[in-house]
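Notes follow once the structure below has been shown.
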Amino acid sequence: MISDNTSAEIAALKNQVFTLLVALIVVSGTVTVYLYRQVSLAGKDIAQSQRIQAALNQNQANIENFAARLVDYGQRHPDFVPVLKKYGLVPLQKR
């Protein structure tokens, strides 16, 4: 039958398997918590970047409107044209 030495080895292997299972559960739980935290932070970052993008789009529209008004002003006041040319805002020539 099974000797005492073999029974001791089987018991040691059972203890080792149990210890490894507990370690696996602890490690997988830790990784799960870490990944959940990363997903949570990424979701917050995405929401913030969407708000920033919306603000940038609004500012871009305001800047384009302001530039159009400057070009319009430059068309009515020719002495302002060099300032517009300096910043790359060339008014359309009237024909």
With the checklist (1) at pLDDT 95 or above; (2) not in a helix (DSSP H, G or I) in hand, flag the one item ILE2 doesn't pass.
(1)
Residue under question is ASP79, and the condition is that it be part of a helix (DSSP H, G or I), at pLDDT 90 or above and loosely packed, with under 10 Cβ neighbours inside 10 Å; does it hold?
yes
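The values are calculated or read from the model by the stated rules, or taken from the named source; none is laboratory data. Computed from a predicted model, the values in this text were never measured in an experiment. Cβ atoms come from the backbone with ideal geometry, glycine included; neighbour counts cover every protein chain shown.
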